[in-house]
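Everything on this sheet refers to the single structure shown next.
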């Protein structure tokens, strides 16, 4: 198992605290492999996170956005029934996944179908931050065409 120690970066860099925290967080998430997930680009500015959450019902999963962090948590109630497994390949454990969202990315919807949790994300860039065309030799600013 590889680990990356970013302590020297914290000591010698000024203003890169957030970058180092992102690297630490990414490293921790890679070491935690449950549940497996995909991140897809659906269209420009539209994304989907798909997680394999077999055995979880909608009531067992909590999705929350706080600031720029998307948190997905699954809770499993322990059964009082004593079971004897000959082989146990299905992970029946709780999980917690965190995803750092980029600026202007919002959660649009979530759906649980056939054991797959899909979370749709949309990047909504405010008009004031979209590219503008500057005319040479004039004081006019032309708005970029909305796509």
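The values are calculated or read from the model by the stated rules, or taken from the named source; none is laboratory data. These figures come from a predicted structure and were not determined experimentally. A quick note on method: Cβ atoms are made from the backbone with ideal geometry, for glycine too, and the neighbour counts reach across all protein chains shown.
Observations
- In the condition set (1) in a strand (DSSP E or B); (2) surrounded by 12 or more Cβ atoms within 10 Å (Cβ to Cβ); (3) in contact with a strand residue (DSSP E or B) (Cβ under 6 Å, 6 or more places away or on another chain), residue 112 is compliant with all but (3).
- Per-region count, the range 69-101, residues assigned to a loop (DSSP other than H, G, I, E, B) and modelled with pLDDT of 90 or more: 5
- Within the range 39-68, being at negative phi, surrounded by 10 or more Cβ atoms within 10 Å (Cβ to Cβ) and in a loop (DSSP other than H, G, I, E, B) holds for 53, 54, 56, 68.
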